[in-house]
Structure formats: structure tokens, C-alpha cells
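Asker: Below you'll find the structure I mean.
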Amino acid sequence: MRQKMSHCLSLMMGYRFILMNPIIHWKCAVPFMPLPDDILTLQHFLRLNYTSAVTIGADADNTALVALYRLPQTSTEEEALTGFELFISNVKQLKEHYA
């Protein structure tokens, strides 16, 4: 299932992402834009964490915003693909609106 999801997500996103499979969750993380210099814009992105299934954070170097999505490891392949398609749609909307 992991290879199929990785390939599917790579095709849909158009760039590489990280797909992790720890004990509890499937996780997908992708950088989607440079870290904003404007504090109000950054606060806006962080507020989205309370209203969206997608979590926004900064990368380890504090140079990019990263979107993270989690699904229970017990998700079926169909549930996982549907969830990651929703994740991709959300990230594309963020990029279109703020890029």
C-alpha cells in the first residue's frame, strides 16, 4: 500500500514529499511555500491548525512552511488515498491563495 500511495501522491503533487508509516499514524508532509517574513501572515497560517485537518508548521531550518497530514494506521487503502487527496487539495488551495 505504501508504494501505491507514494506513487499516487507524487503524481498529484508534482514534487516530492515525505510519507511516513510509524506505529500509530500514516503521515504525509510537504513544504509548500517559503516561511513568511510578515508576522500577521504567519499567524494566519498557524490559526489554520485549529480549523483544518492539515497541520501547518515550519521546517527544521525555519525557511519553509510545511503542511502535515495524519491518518490512523488502521485506515484502509481507500480511506488513506481519499484522505491524502483531500490533503493535496488543501495544500494546492493554500499555494494558489498565498503564493
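Bear in mind these aren't lab numbers, they're just calculated from the coordinates by the rules spelled out. Since this is a predicted model, take the numbers as computed values, not measurements.
Asker: Report, by chain and number, residues whose modeled amide H sits under 5 Å from the one on ALA58, excluding near sequence neighbours (fewer than 5 apart, same chain).
Answerer: When sequence neighbours closer than 5 places are left aside, the close amide H contacts are VAL66.
Asker: Ordered by residue, what ³J(HN,Hα) values in Hz, to whole numbers, does region 55-72 give under the Karplus form 6.51 cos²θ - 1.76 cosθ + 1.60, where θ = phi - 60° and Gly and Pro are x?
Answerer: So the J values, rounded to whole Hz, are 9, 9, x, 10, 6, 4, 8, 6, 10, 9, 7, 10, 9, 10, 10, 10, 9, x.
Asker: May I pose another question? Non-local amide H neighbours of GLN73 (under 5 Å, H modeled in plane, Pro and chain starts lacking H): which ones?
Answerer: Answer set, sorted by chain and number: HIS25, TRP26.
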